[in-house]
Amino acid sequence: MYKPRIADQIIQNKLKVFNAINIIGPKGCGKTTTAEVKCKTVVKFQNEDERANLLMIANTMPSKLLQQEKPILFDEWQDAPKIWGAIRTDCDNNKEDVGSYYLTGSSSANVDTPHTGTLRIATCRMYPMSLYETGESNGTVSIIDLFDNKSSFNGCVSQLSLDDLIYAICRGGWPRCLITDDKEAKLMVAQELFEQTFNVDISKVDGARRNPLWAKAILQSYARNICTTADSKTIYEDVKINASMSEVTYFDYVAALEKLYIVEDIEAWNPSIRSKTAMRTGKKRNFVDPSLAVAALGVGPKYFDKDFNTLGFLFESLCIRDLKVYSSPNGGTISYYRDRYGLEADAVLHLKDGRYALIEFKLGEYGVEEGARHLCEIESLIKAANESSKGSSIRLPDLKLVITASKYGYKREDGVYVIPIGCLKD
């Protein structure tokens, strides 16, 4: 049975005005299933029983494949790139036939198409499932409702224990995990995706043959540096210990991992509240799902009974994944703030209407006080910058949040909301 996704809302809204939609995201995040339940015809170019015939039609007269009951799903459409042009032409000829085509693919590799799909083929980015989508978060706090009406919040209680969250981090948000109740078997999904990435997918993404051991070394270094601002030189030097690659080759491999939607770094937020020399502007290293980092590290849930330091970074990655999912219908994006004076916000959640939240992630109550203080100090810096500025002012944060792995949520006297990740939803 299909489990509803937050992306369903985005797809529905975009197909009110566009003829087609291209659903992108990492392999195994549920793109095909999400599209399949909405379509009357499904064309899978990787179906070996039909592949040769489908590719022949797609390469000679792709419009023939459009003459089927709509909506039509073209899965892994990159294998038959001419289908893009055929859909674009049909969109031009039948502008009012919105919602006719779905395209899905697991990479952003450059595909040779004669035209873009601008204003014809919309795009929807999908992620692995959030805790709310898997049914683990009770969803008593809507992140968007909190932006809209802060007074509606009067506390919350999470049913997720720390052990539950550790397991969720190691398992990941992969829909395939839902087909079994065997907890050990579920952990194998992320491990299989990790191994498939460096053994097969990194060479298939754009046809360039790459060394699996080098790719594995990069993924392992990323895992050791997850949610840190380790620069490229640091990771490259780490990788060189076990892989004799050039710096140019290193960047090529990272670019391929980005095309596969496996690696997803976080940009720095640079408001004009400090001198430029004080700001940290490097990217924060991250995966699309924390389970891939766990697989790269070669550990399991029991390991984190004795390593809360690494667990803290992985918890941050889990929260960032979920915030991206929850805010996606409102055009949400994530950045971070850090300066050389030690002041930081682990994340800054921006909505498309300009509102934003300053966020810190803490495993337990012991870190809440420090996290809240950081957020209030950043807000004070913004106020001071606005008072001294003769020009345009910087918007004050609409929310200050400390997201935790603990049980209880509440609002502090300083205006900071402390909310367990096990209570959040879109």
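The values are calculated or read from the model by the stated rules, or taken from the named source; none is laboratory data. This is a predicted model, so every value here is computed, not measured. Cβ: placed from backbone, ideal geometry, glycine included. Neighbour counts: every protein chain shown. When the accessible area is computed, the model is the full protein with side chains, heavy atoms only, and any ligands, DNA or RNA have been set aside. Shrake-Rupley method; radii C 1.70, N 1.55, O 1.52, S 1.80 Å.
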(request) Over 29 Å between C-alpha atoms is what I'm after, so list which of Lys31/Lys283; Lys38/Lys150; Lys82/Lys283; Lys82/Lys204; Lys38/Lys284 land there. (result) Lys38/Lys150; Lys82/Lys283; Lys38/Lys284
(request) Return one number: the angle in degrees, 0 to 90 and rounded to the nearest 10, between the long axis of the Cα atoms of helix 368-388 and the longest principal axis of the Cα atoms of the chain. (result) 90
(request) Convert each backbone phi in the range 123-137 into a coupling constant with the Karplus relation 6.51 cos²θ - 1.76 cosθ + 1.60 (shift: θ = phi - 60°), then list the ³J(HN,Hα) values in order as whole Hz, x for Gly and Pro. (result) 10, 10, 8, 10, 10, x, 5, 7, 5, 6, 5, 7, x, 8, 7
(request) Excluding residues fewer than 8 places away in the same chain, name every one of the aspartates and glutamates whose C-alpha is closer than 19 Å to that of Lys40. (result) Asp8, Glu50, Glu69, Asp75, Glu76, Asp90, Glu96, Asp97
(request) Could you let me know the centre-to-centre spacing of the range 178-250 and the range 122-149, using Cα atoms, in angstrom? (result) 28
(request) Determine the share of the chain's accessible area contributed by carbon and sulfur atoms, expressed in whole percent, with a 1.4 angstrom probe. (result) 48
(request) For the range 223-310, give the magnitude of the charge dipole about the Cα centre (Cβ charges: +1 Lys/Arg, -1 Asp/Glu; no others), in debye to the nearest 20. (result) 320
(request) Go through the range 1-58 and name the trypsin sites (Lys or Arg not before Pro) that are in a DSSP coil and have 14 or fewer other Cβ atoms within 10 Å of their Cβ. (result) Lys16, Lys40
(request) Just name one of Leu424, Ile6, Ala185: the one whose Cα is farthest towards the positive end of the charge dipole of the chain (beta-carbon charges, Lys/Arg +1, Asp/Glu -1). (result) Ile6
(message) Using only Cα atoms and rounding to the nearest 10 degrees, what angle (0 to 90) does helix 247-259 make with the longest principal axis of the chain?
(response) 80
(request) Of the options Pro81, Phe45, Asn22, report the single residue whose Cα projects farthest towards the positive end of the charge dipole of the range 15-98 (beta-carbon charges: Lys, Arg +1; Asp, Glu -1). (result) Asn22
(request) Using θ = phi - 60° and the Karplus relation 6.51 cos²θ - 1.76 cosθ + 1.60, list the HN-Hα couplings for the range 15-23 in order, rounded to whole Hz, with x at every Gly or Pro. (result) 7, 6, 10, 9, 6, 9, 9, 9, 9
(message) With θ taken as phi - 60° and the coefficients 6.51, -1.76 and 1.60, list the Karplus ³J(HN,Hα) couplings across the range 344-353 in order, rounded to whole Hz; mark glycine and proline as x.
(response) 8, 10, 4, 8, 10, 8, 9, 9, 5, 8
(request) Mind checking the full-extension length gain between Lys302 and Thr33? Use 0.36 nm per residue of separation minus the Cα-Cα distance, one decimal, nm. (result) 93.6 nm
(request) Might you tell me the accessible area per residue for the range 340-426, computed with a 1.4 Å probe and given in Å²? (result) 44
(request) Would you mind checking the tilt of helix 82-93 against the longest principal axis of the Cα atoms of the chain, expressed as 0 to 90 degrees and rounded to 10? (result) 90
(request) Among DSSP beta bridges lying fully in the chain, give the percent that are antiparallel, nearest 5. (result) 35
(request) Can you check what the net charge comes to around Lys186, using other residues whose Cβ is under 12 Å from the Cβ of Lys186 (Lys, Arg +1; Asp, Glu -1)? (result) -1
(request) Apply the Debye scattering formula to the range 1-94, with a single equal point scatterer on each alpha-carbon and no solvent, then give log10 I(q)/I(0) at q = 0.18 Å⁻¹. (result) -0.88
(message) For a 21 Å ceiling on Cα separation, which of these pairs sit above it: Lys27/Lys240; Lys216/Lys240; Lys183/Lys362; Lys44/Lys64; Lys3/Lys95?
(response) Lys27/Lys240; Lys183/Lys362; Lys3/Lys95
(request) With r as the distance between the Cβ atoms of Lys3 and Thr249 and R0 = 41 Å, compute the FRET efficiency 1/(1 + (r/R0)^6) and round to 0.05. (result) 0.50
(request) Among Ile57, Leu297, Met245, pick out the residue whose Cα is farthest towards the positive end of the charge dipole of the chain, where Lys and Arg carry +1 and Asp and Glu carry -1 on C-beta, about the Cα centre. (result) Ile57
(message) Quick query: amide H of Val42 versus all other amide H atoms, modeled in the peptide plane; which residues come in under 5 Å with a sequence gap of 5 or more or a different chain?
(response) Leu73
(request) Enter the accessible area of Leu55 (Å², nearest 10), with the probe set to 1.4 Å and all protein chains included. (result) 30
(message) Please report the accessible area of Met56 (heavy atoms, 1.4 Å probe, ligands and nucleic acids excluded) in Å², nearest 10.
(response) 130
(message) At 1.4 Å probe radius, can you tell me the per residue accessible area of the range 183-314 in Å²?
(response) 48
(request) Would you calculate, for the chain, the mean residue ellipticity at 222 nm contributed by helices, counting each DSSP H stretch of 4 or more residues as -39,500 (n - 2.57) and dividing by all residues, to the nearest 500? (result) -11000 deg cm²/dmol
(request) Please calculate how many Å² of accessible area the range 1-147 carries per residue, with a 1.4 Å probe and no DNA, RNA or ligand atoms counted. (result) 48
(request) Note down the magnitude of the dipole of the chain about its Cα centre, charges +1 on Lys and Arg C-beta and -1 on Asp and Glu C-beta and zero elsewhere, to the nearest 20 debye. (result) 700
(request) Order the peptides 149-155, 354-360 from the highest to the lowest mean number of other Cβ atoms within 10 Å of their residues. (result) 354-360, 149-155
